[in-house]
Amino acid sequence: QHSLRDDGFFQRMADGMVTLSCPMVGVGHWKEVREFLELSSYSSLPRDMPLPDGESSDVKNDGLSVDGKGNTQRGKRRKWTRKKIPYGEHPMQYVDLFLPTNYKDSKNDTTETNSHSQSNDPHKKTSVRGTVFFVHGGAWGSGQPWMYRLVAPMFLKLNFAVVIVGYRTYPDAPTIDNQCGDVRLAWDKCEHVLNELVVPIRSRNNDDDDGWVGNVIMGHSSGAHVALLMLVDMIGEQMKDFSSARPSNSLNNNYTKATNHTDKKYPWAPNYFIGLSGPYDISYHFDYEAGRGVEQISPMKPICGNSRENFHKASPVKRLLSLLGEQREETIAISSTIQQLTPPILLVHGIEDNIVPFTATADAGRLLRSCGLKQCDEIYLEDTSHQDVIMHIMLGGPAKDLVLDWLMQTSRRETITQLQSRL
């Protein structure tokens, strides 16, 4: 079992099974198959879009546009732009970046989407409502960005940029900090690229339905674990530099910059976190895998350190608690610090999940709220398995609708709170 796992057999087997299952998944979902093919197609490099060195771009038109609620409309042109952007030397160290561009037919339409969308002017940028930074799952030992490409359309249709992160999996990444480090490198790379390509959208007549929302870190399964671990490390970096009751460089303090456009840089900071079917306590999940008899073939045990002590260190909530323990010695107001540095969090889980039990989300939510988080919500879906949640996001289903509703409602509350604080 160890040799099959450590020689990469698990990686090849899992990726191969997903590849073989793709045609079966597509049966009955012809619109999504078409979107997948369009998002995957290559075409010549557009001359109207300057890119940093080493980055490639692919453009595909689908002949469709969408209204403000993400509903498809015929008779209007839509272009999705795909860019494969490397951030390291390993073949898996790259991101797929998808940018929306809408072409409106109405002569009376004066939205910022028109004025900032890509055109023949190479200096114009795409206006976006935010960016979704998605980290795929695969039990820490498999998965590739192309498998999750259909996460993009639901957000592209709402004028978000979408990043699908590729990163080294076990055994190419021997430790969880290697994986987390890859995702952080991808995050930092995206800051540079997005500054060159996009600007925050300005809402029309202060209409929340088409205005700035923010940046979303989102992950599924082990990707949710890695993404939350990265977020906790980012919070830890901020806490070390914490010197006042209201830090000016708070991770979640970007609304003013985005709406006023006083800063030429794209406001690249996490405004929301969405975890789908994630295992957030590695020690607990090891026991669960042992009960299923898969703990020796699963990459989780070696990549997270092979011991209870290392399992605790690799658990994002436990890592956050340890940061709070360090800060207590410095007599900092814990709840105030956490509230300012942590974005709103949503954890989603299927009740029928037999890969990662839904109690993983329940326990994580309880512990996160005990740290003083101002918003940590949970959604539990009946008759929904582990893979059903991400399939809902890609192919349509309750999880997709609930996630979008939560994101938009939370954005409105955050906007109102920010406006009130400025009065």
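Across the protein chains, with a 1.4 Å probe defining accessible surface, the residues V33, V226, V199 rank V33, V199, V226 from largest area downward. If R0 is taken as 30 Å, the Cβ-Cβ distance between S322 and E191 corresponds to a FRET efficiency of 0.65. Residues whose amide H falls under 5 Å from that of I379, counting only those 5 or more places apart or on a different chain, are L347, V348, H349, with hydrogens built in the peptide plane. In the context of the full protein assembly, T359 retains an accessible surface of approximately 50 Å², using a probe radius of 1.4 Å and ignoring ligands and nucleic acids. Close amide H pairs (under 5 Å, H built 1.01 Å from N) link V95 with I85, Y87, G166, residues at least 5 positions away or on another chain. Sequence-ordered 3J(HN,Hα) estimates for segment 32-37 from the Karplus curve with 6.51, -1.76 and 1.60 and θ = phi - 60° stand at 5, 4, 4, 4, 4, 5 Hz, glycine and proline given as x. Converting phi to 3J(HN,Hα) with the Karplus coefficients 6.51, -1.76 and 1.60 and the offset θ = phi - 60°, segment 290-304 yields 4, x, 8, x, 10, 5, 8, 8, 6, x, 4, 4, x, 6, 9 Hz in sequence order, with x at every glycine or proline.
What the Cβ-Cβ distance of A362 and E32 gives, at R0 = 35 Å and to the nearest 0.05, is a FRET efficiency of 0.65. Per-peptide packing, taken as the mean over residues of other Cβ atoms within 10 Å, places 287-298, 153-164, 342-353 in the sequence 153-164, 342-353, 287-298 from highest down.
Segment 359-378 and segment 146-204 have Cα centres separated by 25 Å. Karplus-based coupling profile of segment 149-161, in residue order and whole Hz: 4, 6, 5, 5, x, 4, 8, 4, 5, 9, 6, 9, 7, with θ = phi - 60° in 6.51 cos²θ - 1.76 cosθ + 1.60 and x standing for Gly or Pro.
Label separation (S370 vs A290): 2.1 nm, computed from points 7 Å beyond Cα along the C-beta direction. Close amide-amide hydrogen proximity is noted between D210 and R204, each under 5 Å apart and 5 or more residues distant or on a separate chain (H modeled in the peptide plane; Pro and chain starts excluded).
The values are calculated or read from the model by the stated rules, or taken from the named source; none is laboratory data. Here the structure is a predicted model, which is why all the values come from computation and not from measurement. For neighbour counting, all protein chains shown are included, and Cβ atoms are generated from backbone atoms with ideal geometry for every residue, glycine included. Surface areas here come from the heavy atoms of the whole protein model, side chains and all, with no ligands, DNA or RNA. Shrake-Rupley method; radii C 1.70, N 1.55, O 1.52, S 1.80 Å.
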